[in-house]
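Each value in this text was obtained by applying a stated rule to the coordinates, not by laboratory testing. Predicted model, so just to flag it, every value in this text is computed and none were measured. Positions of Cβ are generated from backbone atoms using ideal geometry, with glycine treated the same way; all protein chains shown enter the neighbour counts.
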Amino acid sequence: MASLACGAGFSARDQLHLVLAAPGQLSYWQLGPSGQAQLHAIPSDAQVPLGSLWKLWVYAYLADSQDTTLTEQPYSCQGNNPEEAYCCSSKGESIGRDQALARSCGLYFNPARLNIDAARWRTYWQSRALPPSLLDLKQLGPEHSVWLIELINSLAQLPAQSQAQRALLAVMLGNKGTPYAEQLGSRLRVKTWSWRDTASNPIGGFAGWLPDGTVVWAQAEGTSAQVLNKYAQGLNQVLPNPVPKTDNSCVQVNLFAAYPISQVQTLQGKAAQAGPLKGQFKVIFAKGTAVTITSNGEISLVATSSDKPELKLSARLNEAEYLARVLEREAGPEPLEAAKALAITARTYLLQNARRTPNPNGAGECLQIDDSSQTQRVSPNPARRSSLAIAYWTADLISQGAPVRYHQDQAATNRLSWQTAVQQARQGQNFNQILSAAFPANDLASQYSTTSQCSPLPQARSWLEAQIPKWRASLTTQPGYAPPALPQLCQLQTGNPYNDPVHNRIFARGFYSLQQRLDITHEYLHLAFADYPSGQDETYIEQLARRLLMGQEITHD
């Protein structure tokens, strides 16, 4: 067996063995704490400890296999097992699949607890990339070693990879005091592991992906936490900042929302045709001013059909492009740490305030928001690479807690001042310190967080639980009805009520008024018909919600 515990260029105590594997490109780095890096040929016969990486394959099996014999339930900590320290912070707490993966809760993924059948496990993985020795369920444990190349190939093809990436972003945020994301952003989506070498010395590292699907594996002396702390600075210099592999996000922007448009022309003076715009155009406003915009088809000209026809410009962007355009319109990509703080604030504001509608291009939702000084201003032109790079580096990061706002030069409680942020960045503060000063009650978090992001509404959930049996007879007659597990009801901080199908949650204002109960019913129906076309039909969902509430007249609060 070729050992990766030592190598040329650095002593064993002073190097991280890092493998990056993109399609058709495999690189093996020996990396020092301050960034010294040497590129080597990867040993073809290297074996490495599996450690707690075995949980990644159980996670993928649970998420993808559709094994009806599984008995997956949240793990509830009773306080009688020392291993629960990896699962819960207190007795009585329960933990779900995503949290368990990020926290490395082995008790959750115990195959016996989940009722994973050894024969079904083998059958499922035989047609998928898996280190062959792990086909035997009994070999699935931290003490097992695997060929490094087999491990990398398996991670490259692992089912439910996007779900795992979302869950594992929490690892970058979990370091008490100084999250790893301060130096690394959201680029690493990895499962950490710790074990010991033949001399019983601690070794540790991580494995997973970059957002573009590049497989990452690393090992050094020390526990996984020690490894990340020691090599974060060096990793920041070596890791690329890739474009996400898939981005199905959708942001629909009403451009120039506060300025009536009188004409949209080509640069040759011809009236632009309604529909997607490609090229450069002159937008002339009712007050006589004009701007030139560039569109590659993402901006559409819409002529409303009413007694007083209006011209509108609507842009459909992915989240990264939207945030990069906000950054360019509101401030700029420099200084870098201030720009990172503003990008995270703008993402948080978008999620807190946008209206949610079905995504016309596929599954999920589209966030609708105006381009306005009352919301966020958006550049009508494609973003530059420097601004996009900031959006990618901070992907999925938010400031979680109180509602956020920002202003060019006026700071206030829970309002970031760009001018102040610039001064702080020039004084050496990083983006998280800038955010903490502007939003003292907030924490840096993932937009996919399943923990503190939800402030429960237990009475609203109890009300919904009591209503569902009463609705069942009516709903079972509707094509496509597939009742979800009872959703979690969460307090909506601002914006319109919405549902979160990824985590089976509904964000609502409450349930005391008839309108609030209608909102909950409406969002529940979106979850119940999520896999059927009617689930995307707002008119159908609203009418059905009203019928379920026995045709009561709805009075808006």
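Exposed loop sites here are trypsin sites (Lys or Arg not before Pro) in DSSP loop states with at most 15 other C-beta atoms within 10 Å. What is the longest stretch of the chain lacking them?
Values: sites that count: Lys91, Arg128, Lys176, Lys245, Lys270, Lys287, Arg384.
That gives 385-557 as the longest site-free run.
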Would you calculate a helix-derived [θ] at 222 nm for the chain, using -39,500 (n - 2.57) for each DSSP H run of n ≥ 4 and dividing by the full residue count, to the nearest 500? -9000 deg cm²/dmol
Mean separation of Cα contacts under 8 Å (6+ apart) over length of the chain, as relative contact order %: 10 percent
Quick one: helix 54-64 against the long Cα principal axis of the chain, what's the angle to the nearest 10°, folded into 0 to 90? 40 degrees
In the neighborhood of Gly96, defined by Cβ-to-Cβ distances under 12 Å, what is the net charge if each Lys or Arg adds +1 and each Asp or Glu adds -1? 0
Order these by the 10 Å Cβ neighbour count, fewest first: Asp98, Asp396, Asp409, Asp537. Asp409, Asp537, Asp396, Asp98
Amide N proximity, the range 101-137 versus Asn81 label position 7 Å along Cα-to-Cβ, cut-off under 13 Å: 105-115
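Please compute one quarter of the surface area of the Cα convex hull for the range 495-543 and express it in square nanometres.
Working: hull surface 13.9 nm².
Averaging across all directions leaves 3.5 nm² for the Cα convex hull.
List Leu544, Leu56 from most exposed to least, where exposure is judged by having the fewest other Cβ atoms within 10 Å. Provide the component values of the computation, followed by the final result.
Numbers: Leu544 22, Leu56 25.
If I rank by nearby Cβ atoms, fewest first, I get Leu544, Leu56.
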PRE zone check, label point 7 Å out along Cα-to-Cβ of Thr68, amide N under 20 Å, scope the range 107-146, hits 114-125
Rounded to whole angstrom, the alpha-carbon centroid of the range 413-489 lies from that of the range 81-152 at a distance of 28 Å
Counting other beta carbons within 10 Å of each residue's own, what order do Glu334, Glu523, Glu150, Glu84 fall into, fewest first? Glu334, Glu150, Glu84, Glu523
Taking a virtual spin label 7 Å from the Cα of Glu538 along the C-beta vector, which residues in the range 329-353 bring their backbone nitrogen under 18 Å of it? 351-353
What does the extension gain come out to for Leu514 and Gln368, with contour length at 0.36 nm per residue minus their alpha carbon separation? 50.0 nm
Degrees, to the nearest 10: 224-238 long Cα axis against longest axis of the chain: 60 degrees
Work out how much length Arg547 to Val291 would gain on full extension: take 0.36 nm times their residue separation and subtract the Cα-Cα distance, in nm to one decimal. 87.3 nm
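More than 14 Å apart: what percent of Cα pairs in the range 288-349 qualify? Write down the numbers at each step before the final one.
Values: 1281 of 1891 pairs.
Across the range 288-349, Cα pairs with separations above 14 Å total 68 percent.
Can you give the percent of C-alpha pairs in the range 251-446 whose distance is more than 21 Å? Each step should come with its number before you reach the end.
On the way: 10166 of 19110 pairs.
Roughly 53 percent, rounded to a whole number.
Taking Cα pairs under 8 Å and at least six residues apart, what relative contact order does the range 251-446 come out at, in percent?
Numbers: 382 pairs, mean separation 42.0, N = 196.
About 21 percent, as a whole number.
Work out how much length Gln25 to Arg122 would gain on full extension: take 0.36 nm times their residue separation and subtract the Cα-Cα distance, in nm to one decimal. Each step should come with its number before you reach the end.
On the way: separation 97, 0.36 × 97 = 34.92 nm, distance 2.99 nm.
Additional length available on full extension: 31.9 nm.
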Could I get the Rg over Rh figure for the chain? Both from C-alpha atoms, Rh via Kirkwood, rounded to two places. 0.99
